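**Q** I'd like to ask some things about the structure below.
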Amino acid sequence: MNATRLFLVCMVSLLIYPVSGLAQRNMEVHYAYRPRAFDDFARHVDQVTLVSPETVVDENGLDVSRLQPELLKLAKQHNVKVMPQIKNRGFSQQTVHYILTDEKARNRTIKSMVDLCKQHALWGMQVDFENVHVTDKDALTRFYRDAAAALRKEGYRISIAVVHRAEESPGPNSYTQWMMENWRGAFDLKALGEIGDFVKIMSYAQHTRRTTPGPSQGLPWVEQVLQYFLRFVPPEKLSLGITTSGSHYFTLADTARYYLNARSFSGGISVHVADSLIKFYRADPLRWDDRQKVLYGYFENGGVFEWIFIDNDVRSFDAKLDLVRKYKLRGINNWFSGNDDQRIWESMRDFRW
């Protein structure tokens, strides 16, 4: 075989059988949905792979009142997969313990998940049980395995949302130890990764109303969480959770819930409201932290500083997309609010690896 013919044969072989790592792959976009975001979902529906509206379950069974007929219809028209999240109502630890450990409650919940898929021709269900005590770890794995078997028997898929974790140990202080006991430690990552179709990493809420002020998704921390999950779950089964929001940290009197009557707290905030507060209090403009990949700033109110951290910035979003590309993940799972920087949709449209 001469050199020219050999070259042509090799080129044809590459076209028919792409070498691993050379073929491009589209990133899946999973849209974590709440009703207020319907218009945003409708505008960008053709970029969405999968949408996950919320359902809740408690001692009385599954409540599907949040499944909007308009959403289901629109998703079907555009061939978007529908995979509702099933949550323990109010993230009640008592409720989820009952569902996981009581045989009748467990079987009733799983049957409801299958029936819901049949009723609405869904793609599958996503388990989003949170505030699960570490002592219910085996029970959670059993529930997920039983639910997967029941759903797959009828041709449906299953996934699970898992709380962030960046290390094997409970961590260095009482807060990280409390998080491990009540929020992180109940997830057997290896088993859950093997059982389901994919795992959603809830790689947000690095800082919350329970903590000191800080970003929800500082990039170094997100990467640490991702690297930990990759020890147990292959990248093609991981969907990176992303929030496009902001947090406003402030002090308030709270005689009802805090015995010392005042405490630090936080709430969600949009970029527009954040800018308005900065102007009203004549504070410096929000600054860009290039290491954390967030906007942040503060102003003084009554002699006390109030802090703002913004993840709703296209630069923050692009930095997380770089992690998806770097680790070849299945895709992203976003909580969209409708007030997001619309340039993030352009970033997703152009994204390839």
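**Q** Can you confirm whether region 208-225 contains a residue that is exposed (fewer than 15 other Cβ atoms within 10 Å of the Cβ) and either touching a residue at least 60 places away in the same chain (Cβ under 8 Å) or touching a Pro at 6+ places or on another chain (Cβ under 6 Å) (or both)?
**A** Within region 208-225, one or more residues are exposed (fewer than 15 other Cβ atoms within 10 Å of the Cβ) and either touching a residue at least 60 places away in the same chain (Cβ under 8 Å) or touching a Pro at 6+ places or on another chain (Cβ under 6 Å) (or both).
**Q** Which of the residues spanning region 262-287 are in a loop (DSSP other than H, G, I, E, B) and either in contact with a Phe, Trp or Tyr (Cβ under 6 Å, 6 or more places away or on another chain) or exposed (fewer than 11 other Cβ atoms within 10 Å of the Cβ) (or both)?
**A** Tyr281, Arg282, Ala283, Asp284, Pro285 - these are the residues of region 262-287 that are in a loop (DSSP other than H, G, I, E, B) and either in contact with a Phe, Trp or Tyr (Cβ under 6 Å, 6 or more places away or on another chain) or exposed (fewer than 11 other Cβ atoms within 10 Å of the Cβ) (or both).
**Q** Quick one: Ile278 ticks every box in (1) of a type in the set (Val, Ile, Thr); (2) out of contact with any Pro (no Cβ under 7 Å at 6 or more places or on another chain); (3) touching a residue at least 24 places away in the same chain (Cβ under 8 Å) bar one, so which box is it?
**A** Failing condition for Ile278: (2).
**Q** Pick from region 198-222 the residues that are touching a Ser or Thr at 6+ places or on another chain (Cβ under 9 Å) and assigned to a helix (DSSP H, G or I): which of them is farthest from Phe187 (Cα to Cα)?
**A** My answer is Leu219.
**Q** Also: Can you go through Ile160, Ile195 and tell me which one is closer than 30 Å to Ser266 by Cα, at pLDDT 95 or above and β-branched (Val, Ile, Thr)?
**A** Ile160
**Q** Looking at (1) crowded, with 18+ Cβ neighbours inside 10 Å; (2) closer than 26 Å to Phe250 by Cβ, which is the only condition Val304 fails?
**A** The single condition Val304 does not satisfy is (1).
**Q** Part of a strand (DSSP E or B) and more than 22 Å from Ser239 (Cβ to Cβ) - does that describe any residue in region 37-49?
**A** no
**Q** Going by the conditions given, is Ile278 in contact with a helix residue (DSSP H, G or I) (Cβ under 6 Å, 6 or more places away or on another chain) and among the aliphatic types (A, V, I, L, M)?
**A** no
**Q** Tally time: how many residues in region 117-129 are outside any strand (DSSP E or B) and either in contact with a strand residue (DSSP E or B) (Cβ under 6 Å, 6 or more places away or on another chain) or surrounded by fewer than 18 Cβ atoms within 10 Å (Cβ to Cβ) (or both)?
**A** As a first pass, look at region 117-129 and keep what is outside any strand (DSSP E or B): 117-123, 129.
So of that shortlist, the ones also either in contact with a strand residue (DSSP E or B) (Cβ under 6 Å, 6 or more places away or on another chain) or surrounded by fewer than 18 Cβ atoms within 10 Å (Cβ to Cβ) (or both) come out as 118-123, 129.
Selection size over region 117-129: 7.
**Q** Turning to a different aspect of this structure: Of all residues in region 141-150, which are farther than 15 Å from Asp188 by Cβ and in contact (Cβ under 8 Å) with a residue 40 or more places away in the chain?
**A** The one that is farther than 15 Å from Asp188 by Cβ and in contact (Cβ under 8 Å) with a residue 40 or more places away in the chain: Ala150.
**Q** Kindly evaluate Arg108 against the criterion of being out of contact with any Leu (no Cβ under 6 Å at 6 or more places or on another chain), within 14 Å of Val64 (Cα to Cα) and surrounded by fewer than 18 Cβ atoms within 10 Å (Cβ to Cβ).
**A** So Arg108 does not fit the description; no.
**Q** Filter region 310-353 down to the residues that are more than 24 Å from Ser270 (Cα to Cα), aliphatic (A, V, I, L, M) and not in a loop (DSSP other than H, G, I, E, B) and list them by number.
**A** Across region 310-353, the qualifying residues are Leu323, Val324.
**Q** Let me ask something else. What are the residues in region 281-323 that are under 23 Å from Ser203 (Cα atoms), among the aromatic types (Phe, Trp, Tyr) and free of Cβ contacts under 8 Å to residues at least 40 places away in the same chain, if any?
**A** Trp288
**Q** Which residue out of Arg165, Arg145 is assigned by TED's automatic domain parsing to the domain that holds Met202 and either under 25 Å from Trp221 (Cβ atoms) or crowded, with 19+ Cβ neighbours inside 10 Å (or both)? Spell out the reasoning first.
**A** Details: Arg145 fails: either under 25 Å from Trp221 (Cβ atoms) or crowded, with 19+ Cβ neighbours inside 10 Å (or both).
Being assigned by TED's automatic domain parsing to the domain that holds Met202 and either under 25 Å from Trp221 (Cβ atoms) or crowded, with 19+ Cβ neighbours inside 10 Å (or both) holds for just one of Arg165, Arg145, which is Arg165.
**Q** Out of the residues in region 288-301 meeting the condition of being within 25 Å of Trp335 (Cβ to Cβ) and acidic (Asp, Glu), tell me which one is surrounded by the fewest Cβ atoms within 10 Å (Cβ to Cβ).
**A** Asp290
**Q** From the residues in region 151-167 that are of a type outside the set (A, V, I, L, M, F, W, C) and in contact (Cβ under 8 Å) with a residue 60 or more places away in the chain, which one is farthest from Arg184 (Cα to Cα)?
**A** Narrowing region 151-167 to residues of a type outside the set (A, V, I, L, M, F, W, C): 152-157, 159, 164-165, 167.
Going one step further and asking which of them are in contact (Cβ under 8 Å) with a residue 60 or more places away in the chain, we end up with 157, 159, 164-165, 167.
Values: Arg157: 24, Ser159: 17, His164: 7, Arg165: 6, Glu167: 10 Å.
Applying the filter and picking the extreme gives Arg157.
The values are calculated or read from the model by the stated rules, or taken from the named source; none is laboratory data. The shown structure was predicted, so the numbers you read here are calculated from the model rather than taken from an experiment. All Cβ positions, glycine included, derive from the backbone under ideal geometry; neighbour counts span all protein chains shown.
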